[in-house]
């Protein structure tokens with residue numbers, strides 16, 4: 001069991017707890033073509049955007065021992081680490097209008113390969129803010145999601161923290177008890193895009209069908 005809770009694992013849990021568990025266990029799976037396309041769109045949009053700005057720092061590893069202010073106003077490709085949490089942030093921008101020392105100095109921006117902002121994208125941004133808050137001592141009030149069409153979507157982070165905590169808590173529980181059993185298969189629309197769909201079908205899908213059959217027989 002991995003000892004780090006990352007953005008990918010948080011997003012995975014929002015789709016399926018079993019998927020998050022497999023990622024934490026070190027399994028990789030195989031991306032379907034649709035997911036590869038989204039990742040490519042995300043990369044291209046981020047690359048285009050970064051070329052148009054003037055970052056003062058890039059490819060930075062930051063934890064509580066670092067002073068973010070020394071890096072400048074605009075940081076790109078930042079890896080944030082605190083305690084058991086790790087989050088990749090595409091852009092960190094200094095919030096110049098912040099007047100109180102108690103408030104966060106930087107606001108996060110992430111890119112997505114979709115045109116529409118979904119729940120999982122909001123959770124990813126909130127998790128980045130969560131880790132940034134642990135480093136700076138205060139969670140930023142807002143962040144930005146830039147979609148595949150280049151549009152910026154501002155988002156207040158605090159309203160999402162309650163939903164985020166419902167994901168983070170069980171993930172921390174798995175870290176404390178690495179021998180926890182795998183969560184059961186949950187069939188949903190995300191199965192079509194999951195990198196573990198084949199292994200789930202091969203290993204446990206017959207059990208799901210059997211349980212469904214038993215339930216049907218119990219209702220007759």
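The values are calculated or read from the model by the stated rules, or taken from the named source; none is laboratory data. Predicted, not measured: the structure shown is a model, and the values here were computed from it. With ideal geometry, Cβ positions are generated from the backbone for all residues, glycine too; neighbour counts draw on all protein chains shown.
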Those residues of region 110-135 that are in contact with a strand residue (DSSP E or B) (Cβ under 9 Å, 6 or more places away or on another chain) and under 16 Å from residue 41 (Cα atoms) come to a total of 5
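Being touching a helix residue (DSSP H, G or I) at 6+ places or on another chain (Cβ under 7 Å) and loosely packed, with under 13 Cβ neighbours inside 10 Å is true for just one of 13, 34. Which residue is that?
The conditions single out 34.
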Within region 159-176, of all residues that are more than 19 Å from residue 82 (Cα to Cα) and touching a residue at least 12 places away in the same chain (Cβ under 8 Å), the one surrounded by the most Cβ atoms within 10 Å (Cβ to Cβ) is 160
The condition from (1) assigned to a helix (DSSP H, G or I); (2) surrounded by fewer than 18 Cβ atoms within 10 Å (Cβ to Cβ) that residue 88 misses is numbered (1)
- Message: Tell me yes or no: at least one residue of region 136-155 is crowded, with 19+ Cβ neighbours inside 10 Å, over 22 Å from residue 53 (Cβ atoms) and modelled with pLDDT of 95 or more.
- Response: no
Checked 143, 133 against criteria (assigned to a strand (DSSP E or B) and on the phi < 0 side of the Ramachandran plot); the one match is 143
Residues in region 40-80 that are surrounded by 19 or more Cβ atoms within 10 Å (Cβ to Cβ), farther than 26 Å from residue 151 by Cβ and either within 19 Å of the chain's Cα centre (by Cα) or modelled with pLDDT of 95 or more (or both) total 1
Selection from region 1-24 of residues outside any helix (DSSP H, G or I) and under 15 Å from residue 87 (Cα atoms) yields 2, 3, 4, 5, 6
